[in-house]
1. Can you name every residue in region 29-43 that is under 20 Å from LEU80 (Cβ atoms) and surrounded by fewer than 17 Cβ atoms within 10 Å (Cβ to Cβ)?
2. For region 16-28, give me the residue count where each residue is surrounded by fewer than 15 Cβ atoms within 10 Å (Cβ to Cβ), in a helix (DSSP H, G or I) and touching a Gly at 6+ places or on another chain (Cβ under 9 Å).
3. Condition test on TYR87, is it modelled with pLDDT of 80 or more, surrounded by 14 or more Cβ atoms within 10 Å (Cβ to Cβ) and not charged (D, E, K, R)?
4. Consider ALA61 carefully, then state whether it is assigned to a loop (DSSP other than H, G, I, E, B) and either modelled with pLDDT under 95 or under 14 Å from the mean Cα position of the chain (by Cα) (or both).
Amino acid sequence: ALGIALSDMVNALNLPMYVIGGGVASAWEAFAPTVFEELRQRSMVYAATAPETSIAGGQGASGKVEPRGSRKTIITRALLGSDAGLYGAARLPLVDL
């Protein structure tokens, strides 16, 4: 079900990165292969823009600038896991809005 929902989001939004967080991120290794297979089958956008190593590690973008038209769609887990919201809330008072 996550792969189907994610493929719909990728097709509709075509964003460069999607981050899976919360409690689901702790089970990344268990469901990632199935999710990536669903994405390759159901999302034309992901099939055209998937990085070669989308399953291995799943730790996000390389940080280097790529030529226009070669953008990859990155699917990764939140590195802070289920504590990401707490870290964001703690940092919010320190940010100038």
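1. GLU29, ALA30, PHE31
2. 3
3. Numbers: modelled with pLDDT of 80 or more: yes; surrounded by 14 or more Cβ atoms within 10 Å (Cβ to Cβ): no; not charged (D, E, K, R): yes.
Criteria not met by TYR87.
4. yes
The values are calculated or read from the model by the stated rules, or taken from the named source; none is laboratory data. What you see is a predicted model; the values in this text were computed from it and never measured. Glycine gets a Cβ as well: all are built from the backbone with ideal geometry, and neighbour counts include every protein chain shown.
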